[in-house]
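J.: My questions will all concern the structure given below.
The values are calculated or read from the model by the stated rules, or taken from the named source; none is laboratory data. No experiment lies behind these values; they were computed from the predicted model shown. Cβ: placed from backbone, ideal geometry, glycine included. Neighbour counts: every protein chain shown. Keep in mind that these areas ignore ligands, DNA and RNA; they rest on the heavy atoms of the full protein, side chains included. Shrake-Rupley method; radii C 1.70, N 1.55, O 1.52, S 1.80 Å.
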Amino acid sequence: MTPSLQRHLNILDFALSSLWRRKGKNLSLLAVYTLIIFIIASIVFFTQALKREAGLVLQDAPDLVVQRMVAGRHDPIPVSYATAIAAIRGVSEVTPRYWGYYYDPVTGANFTLVAADDPQLKPEAIAIGSGVARTSRISIGDFLPLKDLKGSPVLFSVQKIFPSASELVAADLIQLRQEDFLRLFDFPSGRATDLAVSAGNPAELETIAAKIVHDFPDTRPILKSEMLRTYDSVFDWRSGLVLVVLAVAVLSFIIFAWDKATGLSAEEKKEIGILKSIGWETTDVLLLKSFEGIVISLSAFLAGVSLGYLHVFFFSVSLFEHALKGWSVLYPEFKLTPVIDPYLICLLFLLSVGPYIAATVVPSWLAATVDPDAAMRS
Amino acid sequence: MVTLRKSTQFFLLIALNLLVLAALVLHAEVRSREPAARRSASRILVRQLKLSDLCLFTEARYTRHPAMADRHAPFQDHPLALEHFPSGSLVTPPALRREAK
Amino acid sequence: MIMHPGVLALITGSLLTSAMILYAGWYGVRILRNWDLSSGSELQLALEKRTYLISTLLSYALGFELVSLFLFVFTADRLHLLFSGAMCAAGTLNANGFGYPLLILKLVNFLFAGIWLIVNHADNQGYDYPLIRFKYLLLVPLVPWSLLEFSYLFAYFSGLHADVITSCCGSLFSLERPGIAGDLVSLPVKPMRLAFFGTLGATLASGLFSWRSGKGFYPFSILSLATLLVSLASLVSFLCLYIYQLPSHHCPFCILQGEYHYLGYPIYATLLGGGLAGMGTGFLHPWRRRGSLQLVIPKLQRRLAGVAISLFALFLVIAAYQMVFSPFRLGE
Amino acid sequence: MIEVIEVSKSFNVGKVNQFDAVSRVSCRIMPGELTILKGPSGSGKTTLMTLIGCMARPSSGRIVLSGIGAGSLFGQDPDAAIEITSLPERFLTGIRRSAFGFIFQQFNLVRGISVLENVMLPAYPTGVNHKVLRERALTLLETFNIARHAQAQVGLLSGGEMQRVAIARALINDPSVIIADEPTAHLDSRLSREFMALVEGFKKGGKTVLIASHDPIVYDSSLADQVVEMRDGALVDGSLP
């Protein structure tokens, strides 16, 4: 081994024993640091996994959804538009979609009602998501009362419960027959919630969308790529903003507070004085201090990332459940397929180790430039 | 008794940590290659019911159907206002939809 | 501004680095004005302590420049999803006028900081601070450059509005577009290839000569810079085509992706490292006869020259391997 | 040989509390000899020793070291004369750790780490192989008869043992000059005499020894080759031969 490498190892040795000497302080610092990285890592893993899941699941979503806008708000679309749109070149199929929300005053949950023709579904029967079944405590054969527009309850019998594996898309769904849907909400006749359009060739979608807007200026087409992009960027905005700012702020605060509180204690100052008097140089002490920082931040990073992974993919984000649930009564329970994105791990590394190092540069320099003769005068 | 020097112990610890991390990467790799039976159930429903969104947050329209949300209503407070709902701090406004010309 | 974690990391990092360099520059000026080694005054002792802080700050700044160079490209690559029409980092960079100048600024600052650290290393070997004036004069221009880099970075990201129609790398680096990128692509392949092998060969030869004889470091360092520039141009002009095996894909960033076996990393690492080491020899050359550095500098120069030629040689091997073994052939 | 020429050291120059710790001191310390700096506390002994021991730089005057094996740092003959007055810190440190060993009044051991680590500490930055260093430290502890405490924490040792650890630490880099500041201040007279016996051993080993003390056991010792007396930062007239 070269002397330079030996020197680094020797100083690392001393850095470790000097960290170990102040176990109390350093272990609690390590714990707080790990906790912060654990939180950020959990969020990164969670959002990444959701993004990917969304991308894969929504591959089968409609190519194009056409909504009608009235006074800037979403309004039921005349079904007659469907025929005209179907006539556009490249459109292979246009299906009206009927869906809406239902607030259930009994449980306080919001359900999503979807009318889709399923020949197996009997009149006044419904298929429900497992979230609905869980929240309303009903199972196959039970009745779910839904209030119609006039306020009188209509009883629907539960004919089917969607498999729990599909909870990520269907937890709050109630599927019913189209005529039941229309009757329940007294839906304006000849209207649908929106239109699902599929195209023979996906490359032509943009042209089709342009044509639709041209022909029907009151509509808004939403491309599948836009739906996917929504989910791709859906978590970047505030998760990025809030978490990064929060983490950096918290981290800097902690380090700052720590340095303020303990500062260069007289003891530490004396110790560095001793080191310098017995032949350590400023560079050596700087190296010592940066090793102390690296040991803490590297350990915290590795532990935090591993724990975050376990938390998200083995314990289903149980610690964040409350924040994710928010006010909602009905909360889907799903297991995510793990994803590790090297870019984000590297980014996380930079964001967690970088500020720590930046915050410690000046304090370590101050510590390292203690005069060597300080040890002689005390 | 041979005691390892502290730096070696530290390297061993880091190596152990990296090993755990590598195991997790491997786990992720293996799990994501599994035949996605679970996902196929979702995909079938998406196809049958022509769904366009994930059911993540059911508390409000725009969190339940981010891709279908009204353009103006849901994100009136965007981007600087504090969210009304806790989950609003995780859900971002959808990417701008282009007005097709 | 787009609140992507990568963007935030770049901006915070760049802000911190600029602050560090500004601080270092401020004390650099004080050192230039008040330095007096023969004095044992308290001011002098305080300034000598300050030099440790400055070199620590500069090495962090250099580290950040290096990391952020890649981070920047990667973040740009991530962001392309938000811009319809952009298919990779090249499109994102083109979303406004600050993208490419910023990349160039980053490169310049990286070289600057690297050369400063080489000079600093040499200076630390001398017992009478032989290069102190030169070193801190060199620091002065770094300050405005790094501030400029930060303001460009800020301007670039705050000027990014999702969904501006940008060109993807296919059209950006294709022949029709005017501008630097287009010019690089339209460079005639044959002379370009000649220039590429010419400069690289000349640099290696001159480097070997310098390494053996300890002479001719000025031409070598100029040639190193030339190699760096010509190679970057050649990368866009024709080398990438061999890697992508596509006749019109000129993007210099996609080679960093896994699809191309992360080939970009060794390519850029050898190129930047070689260029830096080679240029460093020239910056040391004027001081080779300074009393306390008489023994140090020639040794250091030869070591740097050795590093530079081995890195350049490695780069040449990678490039040549791609050109020879790629099934793709450029139409002559 | 160590040559001190017209050396002064002032603190807080130009301020109300300016303090001249050492003013215009000249003296010579010959190789292989025991030189004792005598004088009351506050007379500038410690400051003078920090200047000689390359821990601080004088405000004015010159100090020249020759024959101590530090010349190789400058690409010269190891025993060449080196003027240390205006050297950068990294060179002063280089000289200090190759040529000087320090024994402090307070022992200045680092608490919370083992005796062995304390002894090895000065050699860490020199890049010595860890195993070699450990062997060397154990041999030294053996010499001073404290090897059985090698793994103990320094806080648990007695005063005499602590001093022997401090001496072992001072010798780890095999210095040619040993500087001790009030080494017997915290020792009883029996231990003080034991310390002087160790000093005799250093002298026999060819080391130059410089001790600052106001303990008669030290400055009246027959081992002393030269006793230099200081008062108020200056040499007392006639104290130099």
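J.: Plugging the Kirkwood radius over Cα pairs into Stokes-Einstein for chain A, at a temperature of 20 °C and a viscosity of 1.002 mPa s, what D comes out in µm²/s?
T.: Reported coefficient: 83 µm²/s.
J.: Give the ranking of D:Met230, D:Met1, C:Met323 by solvent-accessible surface, highest area first, calculated with a 1.4 Å probe.
T.: D:Met1, C:Met323, D:Met230
J.: From zero up to wherever the largest Cα-Cα distance of the stretch A:77-192 sits, split into 10 Å bins and tell me the percent of pairs in each.
T.: Reading upward from the zero bin: 13, 42, 29, 13, 3.
J.: To continue, here is another question. Out of the DSSP beta bridges found with both residues in chain A, what percent are antiparallel (nearest 5)?
T.: Around 80 percent of the beta bridges assigned by DSSP in chain A are antiparallel ones.
J.: Give me the summed buried accessible area for the A-B pair, 1.4 Å probe, to the nearest 100 Å².
T.: 7200
J.: May I ask you to give the percent of accessible area on chain D that is carbon plus sulfur, with a probe radius of 1.4 Å?
T.: 50
J.: Let me ask something additional. Counting only other chains, and only Cβ atoms inside 10 Å, what mean value do you get across the residues of D:80-92?
T.: Values: counts 0, 0, 1, 0, 1, 2, 9, 4, 10, 12, 8, 7, 3.
Mean partner shielding for this stretch: 4.
J.: Ignoring ligands, DNA and RNA, please state the percent of accessible area on the stretch A:77-192 from carbon and sulfur, probe 1.4 Å.
T.: 55
J.: Let me ask something else. Once the other residues with Cβ under 13 Å from the Cβ of D:Asn173 are scored (Lys, Arg +1; Asp, Glu -1), what is the net sum?
T.: Combined, the nearby Lys, Arg, Asp and Glu give +4.
J.: Counting Lys and Arg as +1 and Asp and Glu as -1, each charge on the Cβ, what is the dipole of the stretch C:189-325 about the Cα centre in debye, to the nearest 20? Walk me through the intermediate numbers first.
T.: Numbers: 10 positive and 1 negative charges, 161 e Å.
Taking the Cα centre of the stretch C:189-325 as origin, the dipole is about 780 debye.
J.: Which of the residues in the stretch A:272-292 show a loss of at least 30 Å² in accessible area from their chain by itself to the complete set of protein chains, at a probe of 1.4 Å?
T.: The answer is A:Ile274, A:Ser277, A:Ile278, A:Gly279, A:Trp280, A:Glu281, A:Thr282, A:Leu286.
J.: If you restrict to DSSP beta bridges whose two residues both lie in the protein assembly as shown, what percentage is antiparallel, to the nearest 5?
T.: Just about 65 percent of them are antiparallel.
J.: Based on the Kirkwood radius over alpha-carbon pairs, what is the Stokes-Einstein translational diffusion coefficient of the protein assembly as shown at 10 °C with 1.306 mPa s viscosity, in µm²/s? Write out the running numbers ahead of the final one.
T.: Working: Rh = 34.1 Å.
D = 47 µm²/s.
J.: Where in the stretch D:1-42 does the amide nitrogen come within less than 19 Å of the point 7 Å from the Cα of C:Asp36, taken along Cα to Cβ?
T.: D:7-16, D:18-20, D:24
J.: Just need log10 I(q)/I(0) for the stretch C:1-78 at q = 0.11, 0.22, 0.23 Å⁻¹, Debye formula, equal scatterers on the alpha-carbon atoms, no solvent, rounded to two decimals.
T.: Log10 of I(q)/I(0), two decimals: -0.41, -0.94, -0.99.
J.: Considering only lysines 8 or more places apart in sequence, or on different chains, count the pairs in chain C whose C-alpha atoms sit under 21 Å apart. Don't jump to the answer; show the numbers that get you there.
T.: Working: C:Lys49/C:Lys135; C:Lys106/C:Lys135; C:Lys135/C:Lys299; C:Lys215/C:Lys299.
So the count of such lysine pairs works out to 4.
J.: Continuing with this model, one more query. I'm a student and want to see the number: the projected area of the Cα convex hull of the stretch A:1-68, averaged over all directions, in nm².
T.: Convex hull of Cα atoms, orientation-averaged projection: 10.2 nm².
J.: Tell me: how much accessible area in total is hidden between C and D, 1.4 Å probe, Å², nearest 100?
T.: Between C and D, the summed buried area is about 1200 Å².
J.: Follow-up. Strictly greater than 27 Å: what percent of every Cα pair in chain C meets that?
T.: Distances greater than 27 Å cover 50 percent of the Cα pairs.
J.: Moving on to the next point. Send over a whole-number figure in Å² for the accessible area per residue of the protein assembly as shown, probe 1.4 Å.
T.: I get 42 Å² per residue for the protein assembly as shown.
J.: In Å², rounded to the nearest 100, what is the total accessible surface buried by chains C and A against each other with a 1.4 Å probe?
T.: Roughly 2300 Å².
J.: I want the local charge near D:Ser8. Using Cβ-Cβ distances under 12 Å, sum +1 for each Lys or Arg and -1 for each Asp or Glu among the other residues.
T.: Around D:Ser8, the charge tally is +2.
J.: To continue, here is another question. Mind checking which of D:Gly160, D:Phe202, D:Ile179 is farthest towards the positive end of chain D's charge dipole, using Cβ charges of +1 (Lys, Arg) and -1 (Asp, Glu) about the Cα centre?
T.: Looking along the dipole axis, the top candidate is D:Gly160.
J.: Rounded to whole Å and sorted largest first, what semi-axes of the equivalent ellipsoid does the C-alpha gyration tensor of chain D yield via the square root of 5 times each eigenvalue?
T.: Numbers: eigenvalues 161, 95, 60 Å².
Its equivalent ellipsoid spans semi-axes of 28, 22, 17 Å.
J.: Then there's this: Need one number: % antiparallel among DSSP beta bridges in chain D, to the nearest 5.
T.: 50
J.: Give me the dipole magnitude in Debye, nearest 20, for the stretch C:5-175 about the Cα centre, with unit charges on the beta carbon: positive for Lys and Arg, negative for Asp and Glu. Before the final figure, lay out the partial values.
T.: Details: 8 positive and 9 negative charges, 24 e Å.
Approximately 120 debye in magnitude.
J.: Name the residue from A:Ile212, A:Pro372, A:Val285 whose Cα lies farthest towards the positive end of the charge dipole of chain A, charges +1 on Cβ of Lys and Arg and -1 on Cβ of Asp and Glu.
T.: Comparing the listed Cα positions along the dipole, A:Pro372 ranks first.
J.: I'd like the carbon and sulfur percentage of the solvent accessible area for the stretch C:5-175, probe radius 1.4 Å, heavy atoms only, ligands and nucleic acids excluded.
T.: For the stretch C:5-175, the apolar C and S fraction of the accessible surface comes to 72 percent.
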